[in-house]
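Comments concern the structure below.
The values are calculated or read from the model by the stated rules, or taken from the named source; none is laboratory data. In this text, all values refer to a predicted model and were calculated from it rather than measured experimentally. Cβ placement follows ideal geometry from the backbone for every residue including glycine, while neighbour counts extend to all protein chains displayed.
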Amino acid sequence: MTINDVRGVIKGRVLLPGDDGFEQAATAWNLTVRQPVAAVVEAADADDVAALVRYARRAGMTVTAQPSGHGASGDVEGLILLRTGLLNEVEVRERERVVRVGAGATWGQVLAAAGPLGLTGLAGSAPGVGVTGYTLGGGVGWFSRRHGLASGSVRAVEIVDADGEPGRVTAESDPELFWALRGGGGDFALVTALELGLYPAPSLYGGRVIWPEHRAREVYEAFLEITAEAPRELSVWVNRLQSPGAPPMVTLDLAYLGEAGQGESLLVRIDKIEGAISDSRGVVPLADLGAIAAEPTAPAPSIARAELLTGLDADAVELLLAKPVAPLVNVQIRHLGGALAEPGGGAGAGGAVAEPYLLGLVGLGLPHTADATRAKQAEVVADLEPYVAGRKPYTLLSPGETAAESFSGGTLARLREIKRARDPHNVFRANYPVLG
């Protein structure tokens with residue numbers, strides 16, 4: 001049996017090295033990540049997924065699934081890359097407050113379908129990110145302070161198991177696998193659809209305020225004051241930005257799950273900072289949630305690093321402001337806490353996130369900047385060493401990191417036991433495998 005034989009069992013497109021379109025189909029969203037896979041399969045439907053898994057099981061091969069390539073690690077040499085982008089159906093069941101999403105659907109699709117009904121899913125900051133990979137990895141987003149990890153909203157998971165058999169997993173039907181799939185990644189089954197709980201969102205107030213860099217200390221002071229007393233409905237992120245060819249800037253990104261008047265009163269502290277370059281605060285349609293952080297929507301070469309912080313105070317701010325951002329393009333702090341920190345919050349393997357802040361460091365991954373970007377990231381983390389927790393959200397791992405950096409010893413051991421029991425022949429490989 002050769003890799004070419006897969007064409008005989010798949011309705012969708014199969015691309016092998018040397019085929020027209022193979023390189024493009026194998027490209028990750030992060031253009032610094034290379035994916036030397038043996039084949040790319042674009043599944044036409046869930047039956048194609050099952051057929052591919054049965055083929056891989058017989059051929060002794062491994063499948064890694066990606067709808068769009070967000071979160072790719074590059075650790076995929078010789079694997080079959082399954083693209084699930086065509087499984088992109090979104091069905092909102094308004095009365096149940098549930099949405100069923102195919103494995104290829106994006107958060108932008110979900111927000112567009114649920115928002116007009118006054119409902120939202122627990123989306124991240126970028127609408128182009130796939131719902132499935134984000135949710136399987138836990139998922140920390142704008143509404144996590146109010147409702148917890150996205151993995152906690154999962155009601156059912158439609159899968160293909162390691163024998164190529166389709167099934168539907170719930171807390172009642174298979175509690176152990178259900179626990180693993182909610183925050184433990186995609187190492188245990190291939191997901192073809194998710195059913196997620198939706199949450200009331202009759203109004204959303206937010207936006208981005210931008211100041212020149214010399215206002216950074218005032219902005220960080222306001223950030224500390226606001227987050228010290230912020231209700232769970234309010235999420236605030238602070239960014240130091242250094243875009244190529246542009247002057248350095250500092251921003252506050254804001255999202256309040258409630259009425260505009262209340263949001264304005266909670267953020268009145270911001271109005272004391274003079275010299276804003278722009279201020280987009282206002283009522284935000286849920287379909288436009290991604291506009292707040294204005295993250296790139298097209299593939300680009302980047303290098304990211306995330307760290308959870310045990311706290312943030314005036315001394316930490318001094319460390320953050322002591323040096324230029326360059327060669328990074330963004331140094332971001334997100335306020336966490338709220339529902340994220342509650343133990344036993346129903347988020348499965350994702351568990352609770354006790355740390356109150358998240359540090360994100362992003363730079364360009366161009367050949368002439370990559371080494372300097374990584375060095376600067378390491379420098380920032382070393383400077384903040386007293387505040388760095390030493391673990392990372394699984395959904396924000398970067399190439400070169402491992403699942404062991406995200407889970408406690410007990411959780412990782414349980415995930416590994418489930419992996420060995422459910423996929424003993426290693427038919428599946430997550431971006432960051434639990435046995436890696």
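Could you tell me which of the residues ARG232, ARG208 is surrounded by fewer than 22 Cβ atoms within 10 Å (Cβ to Cβ), among the basic types (Lys, Arg) and not in a strand (DSSP E or B)?
On the way: ARG208 fails: not in a strand (DSSP E or B).
Every option except ARG232 fails the conditions.
Listed here are the residues, each with its yes/no results for (1) touching a Leu at 6+ places or on another chain (Cβ under 6 Å); (2) without any contact (Cβ under 8 Å) to a residue 60 or more places away in the chain; (3) outside the structural domain of LEU190 (by TED's automatic domain parsing); (4) closer than 25 Å to ALA105 by Cβ.
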site: THR32; (1), (2), (3), (4): no, no, yes, no
site: PRO36; (1), (2), (3), (4): no, yes, yes, no
site: ALA39; (1), (2), (3), (4): yes, yes, yes, yes
site: GLY60; (1), (2), (3), (4): no, no, yes, no
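Say whether the condition of being surrounded by fewer than 20 Cβ atoms within 10 Å (Cβ to Cβ), part of a helix (DSSP H, G or I) and either of a type outside the set (Lys, Arg) or touching a Gly at 6+ places or on another chain (Cβ under 6 Å) (or both) is met by at least one residue in region 149-158.
Within region 149-158 (the criterion being surrounded by fewer than 20 Cβ atoms within 10 Å (Cβ to Cβ), part of a helix (DSSP H, G or I) and either of a type outside the set (Lys, Arg) or touching a Gly at 6+ places or on another chain (Cβ under 6 Å) (or both)), the answer is no, since none of the residues qualifies.
Can you name every residue in region 78-102 that is in contact (Cβ under 8 Å) with a residue 60 or more places away in the chain, among the aliphatic types (A, V, I, L, M) and over 27 Å from THR2 (Cα atoms)?
VAL92, VAL98, VAL99, VAL101
Any residue at all in region 382-396 that's over 25 Å from ALA430 (Cα atoms) and in contact with a Lys or Arg (Cβ under 9 Å, 6 or more places away or on another chain)?
Within region 382-396, the first condition is being over 25 Å from ALA430 (Cα atoms), and the residues that meet it are 382-388.
Filter once more, so that each one left must be in contact with a Lys or Arg (Cβ under 9 Å, 6 or more places away or on another chain): 383.
The answer is yes, given that some residue of region 382-396 is over 25 Å from ALA430 (Cα atoms) and in contact with a Lys or Arg (Cβ under 9 Å, 6 or more places away or on another chain).
Hey, can you tell me all the residues within region 339-371 that are part of a helix (DSSP H, G or I) and within 20 Å of ARG34 (Cβ to Cβ)?
The first filter runs over region 339-371 and keeps only residues part of a helix (DSSP H, G or I), leaving 339-341, 348-350, 370-371.
Matches in region 339-371: ALA370, ASP371.
Take the residues in region 364-380 that are of a type in the set (A, V, I, L, M, F, W, C) and over 18 Å from ASN30 (Cβ atoms), then tell me which one is farthest from the chain's Cα centre (by Cα). Show your work before the answer.
Here is the first cut: in region 364-380, the ones of a type in the set (A, V, I, L, M, F, W, C) are 364, 366, 370, 372, 375, 378, 380.
Checking the rest, the ones that are also over 18 Å from ASN30 (Cβ atoms) come to 375, 378, 380.
Values: ALA375: 24, ALA378: 22, VAL380: 22 Å.
In this case the residue turns out to be ALA375.
Just to be sure I understand the filter: pairs with C-beta atoms under 6 Å, separated by 6 or more residues or on different chains, first member in region 283-309 and in the same structural domain as LEU328 (by TED's automatic domain parsing) and under 18 Å from LEU361 (Cα atoms), second member surrounded by 15 or more Cβ atoms within 10 Å (Cβ to Cβ) and aromatic (Phe, Trp, Tyr). Which pairs pass?
Partner pairs satisfying both residue conditions: PRO299/TRP29; LEU309/TYR357; LEU309/TYR387.
Answer yes or no as to whether ALA413 is without any contact (Cβ under 8 Å) to a residue 24 or more places away in the chain, part of a helix (DSSP H, G or I) and more than 30 Å from SER153 (Cβ to Cβ).
Numbers: without any contact (Cβ under 8 Å) to a residue 24 or more places away in the chain: yes; part of a helix (DSSP H, G or I): yes; more than 30 Å from SER153 (Cβ to Cβ): no.
The answer is no for ALA413.
When you scan region 360-374, do you find a residue that is crowded, with 21+ Cβ neighbours inside 10 Å and of a type in the set (Lys, Arg), even just one?
Looking for residues that are crowded, with 21+ Cβ neighbours inside 10 Å and of a type in the set (Lys, Arg), one finds none in region 360-374, hence no.
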